[in-house]
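Remarks on the structure that follows.
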Amino acid sequence: MISCMNVFPESGLRIGIDLGGSKIELIALDACGSELLRFRRATPAGDYRQTVQLIAAMVAEAEADLGAEASVGVGTPGAISLKSGLMKNCNSTCLNDMPLQQDLQRQLGREVRLSNDANCFALSEAVDGAAAGAGMVFGVILGTGVGGGIVVNGKVLNGANSIAGEWGHNPLPCPQADELPGPACYCGRYGCIETWLSGPAMSADHRRHEQVSVSAEEIVRLAGEGDQSCQQSVARYCDRLARALAGVINIIDPDTIVLGGGMSNIKPLYDEVPRLWGSYIFSDEVRTRLVAPKFGDSSGVRGAAWLWSQGN
C-alpha cells in the first residue's frame, strides 16, 4: 500500500529517468504512483555532455507541462564508484569515469538520486508492482546480460561495496561435468551465471549442442511448437536458472523473486523453475514466489522515480 503522504517535494511529483544506450525515457508519477506523463528521446551516441544536457532539458520540459517541480531519480546502466565517485561498469562507455550525479545536480540545481537499472527494476516491482507488500524482493534482469537488485521493506539494499544483488558474475552453482570450466566471461572468469542465463548465452548453449545458430527468441518459439532440440535447450536453461536462484534463496531468503528482461517472457520458467529449485534449497519447504513483472519494460523508469520513496 503506497502512502500518499510524506513525499518530496511538496507537489508530490516524482520524475524518473531511464538512461539507456539508445534512448532516454522520462516518466512522471504523482504521490500515489499514477502516471502523469511519459516520453523518450534518442540518446546522443557517445556524447556525455550532450547526454547530461538532454536529461536536464527533458526534466525542464516535463516540469513545464506539469506546472510544478519534481524530485528526480535516474536509473543508469552502471554504478557510482565508491572510490572515485565517478561512473563505472557502464555499457554506454561514454559515461564511465564521469561525474554523472554531480553534473546532473549542477544542471538541475537540486539533489538527484542515481541507482543502477537492476535496482530500479526491483524497486518498482517492490513498491507497486508484482511484489508489492513483500518484505524482501530480489529483482532479476535476464537480457543481453544478467543483473539483480535487492529491496528490503521498500528500500534498495546497496551493500557495503554497492554491489548487492550483482549475482551475474558468481559461478553457476552445482555445475555438471559438461559445464566445466564454463564459457569465458568478459569479466575474465569462466562459467559466470551471466554466461549461462543471458539471451546470447541460451543461443550459444544451443549452438554448442546442435551446431546451429538460433536466437533465444526463436529457440523459445520453436520449443513451443514441439521442436525437441529447442525444448531441451529450454529445459537446460530452466535447470540452470533454478540452481542460480536457489543460491540466492539460500543466502538472502527473499519473499518474492521478480524476473525482468527479455528472457522473463519465457512462460515455462514460472512453473518449471520453482518445481526444480527445491532440491537445491536448504529447506524442507520453499515459500519464495517467482513472478513476472507487473510493469515489464516500464519498471526501470518507474523505479527511478521511486528512488525518492519512503525515505530511500
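Taken together, the values in this text are just the output of simple stated rules run on the coordinates, not laboratory data. Quick caveat: nothing in here was measured; it's all calculated off a predicted structure. Don't worry about glycine lacking a Cβ; one is built from the backbone with ideal geometry, like all the others, and counts go over all protein chains shown.
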Inset, instruction - Kindly identify the range 213-312 as rounded, prolate or oblate by the Cα gyration tensor criterion: order the square roots of the eigenvalues as a ≥ b ≥ c, call it rounded if a/c is under 1.5, otherwise compare a/b with b/c, prolate if a/b is larger, else oblate. - result: oblate
Inset, instruction - Just flag the trypsin sites (Lys or Arg not before Pro) in the range 256-312 sitting in loop per DSSP whose Cβ has no more than 12 other Cβ atoms within 10 Å. - result: R287
Legend entry - Amide H within-cut-off set for T43, under 5 Å, with H built and near neighbours excluded: K23, I24
Legend entry - the range 14-121 - percent relative contact order, Cα under 8 Å, separation 6 or more: 26
Legend entry - Beta bridges by DSSP in the chain, antiparallel share as percent, to the nearest 5: 60
Inset, instruction - May I ask for the Rg/Rh ratio of the range 28-171, computed from Cα atoms with Rh as the Kirkwood radius, given to two decimals? - result: 0.96
Inset, instruction - Work out the charge dipole of the range 133-293 with +1 on the Cβ of Lys and Arg and -1 on the Cβ of Asp and Glu about the Cα centre, then indicate which of I281, N170, S264 is farthest towards its positive end. - result: N170
Inset, instruction - May I ask you to evaluate 6.51 cos²θ - 1.76 cosθ + 1.60, the Karplus curve with θ = phi - 60°, for each residue of the range 271-286 and list the ³J(HN,Hα) values in order in whole Hz, giving x for glycine and proline? - result: 9, 6, 5, x, 5, 8, 6, x, 6, 10, 9, 7, 7, 7, 8, 10
Inset, instruction - May I ask which residue of S71, G135, M98 lies farthest towards the positive end of the charge dipole of the chain, with charges of +1 (Lys, Arg) and -1 (Asp, Glu) on Cβ and the Cα centre as origin? - result: M98
Inset, instruction - List the aspartates and glutamates whose Cα lies under 19 Å from the Cα of K88, skipping any in the same chain that are fewer than 8 positions away. - result: D18, D47, D97, D103, D117, E166, E194
Inset, instruction - Taking GluC sites (Glu not before Pro) as candidate sites, keep only those in a DSSP loop with at most 10 other Cβ atoms within 10 Å, then name the longest stretch of the chain containing none of them. - result: 11-224
Inset, instruction - Would you work out if the range 102-189 is rounded, prolate or oblate? Take a ≥ b ≥ c from the square roots of the eigenvalues of the alpha-carbon gyration tensor; rounded if a/c is under 1.5, else prolate when a/b is larger than b/c, oblate otherwise. - result: oblate
Legend entry - Placed amide H near V156: partners under 5 Å, 5+ positions off or other chain: none
Legend entry - Phi to ³J(HN,Hα) by Karplus 6.51 cos²θ - 1.76 cosθ + 1.60 over the range 252-261, Hz, x for Gly, Pro: 10, 6, x, 5, 9, 10, 10, 8, x, x
Legend entry - Relative contact order (percent, whole number), the chain, Cα cutoff 8 Å, 6+ residue spacing: 21
Inset, instruction - Indicate, rounded to the nearest 5 percent, the antiparallel portion of the DSSP beta bridges found entirely in the range 14-121. - result: 60
Inset, instruction - Report the charge-dipole magnitude of the range 124-211 in Debye, nearest 20, computed about the Cα centre from +1 at each Lys and Arg Cβ and -1 at each Asp and Glu Cβ. - result: 160
Inset, instruction - Mind listing the long-range amide H neighbours of M87? Cut-off is under 5 Å, sequence gap 5 or more, other chains count too, H placed in the peptide plane at 1.01 Å from N. - result: S81, D97, M98, L100
Inset, instruction - For the chain, give the magnitude of the charge dipole about the Cα centre (Cβ charges: +1 Lys/Arg, -1 Asp/Glu; no others), in debye to the nearest 20. - result: 460
Legend entry - For peptides 81-89, 253-261, sequence by mean Cβ density within 10 Å, most packed first: 253-261, 81-89
Legend entry - Rounded to whole Hz, the Karplus (6.51, -1.76, 1.60) HN-Hα couplings of the range 107-116, x for glycine and proline: 5, 8, x, 7, 5, 10, 9, 10, 7, 6
Inset, instruction - At most 15 other Cβ atoms within 10 Å and a DSSP loop assignment: could you name the chymotrypsin sites (Phe, Trp or Tyr not before Pro) in the range 216-312 that fit? - result: F282
Inset, instruction - Would you be so kind as to identify which of A56, P44, I17 lies farthest towards the positive end of the dipole of the range 14-121, taking Lys and Arg as +1 and Asp and Glu as -1 on Cβ and the Cα centre as origin? - result: P44
Legend entry - Two-decimal Rg/Rh across the range 133-293, once Rg and the Kirkwood Rh are taken from alpha-carbon atoms: 0.96
Legend entry - Cβ-Cβ FRET estimate between E285 and R207, R0 fixed at 45 Å, reported to 0.05: 0.70
Inset, instruction - Work out the FRET efficiency for L36 and D97 from their Cβ-Cβ distance, taking R0 = 35 Å, and round it to the nearest 0.05. - result: 0.50
Legend entry - For the range 178-312, size of Cβ-based charge dipole, Lys and Arg +1, Asp and Glu -1, in debye: 300
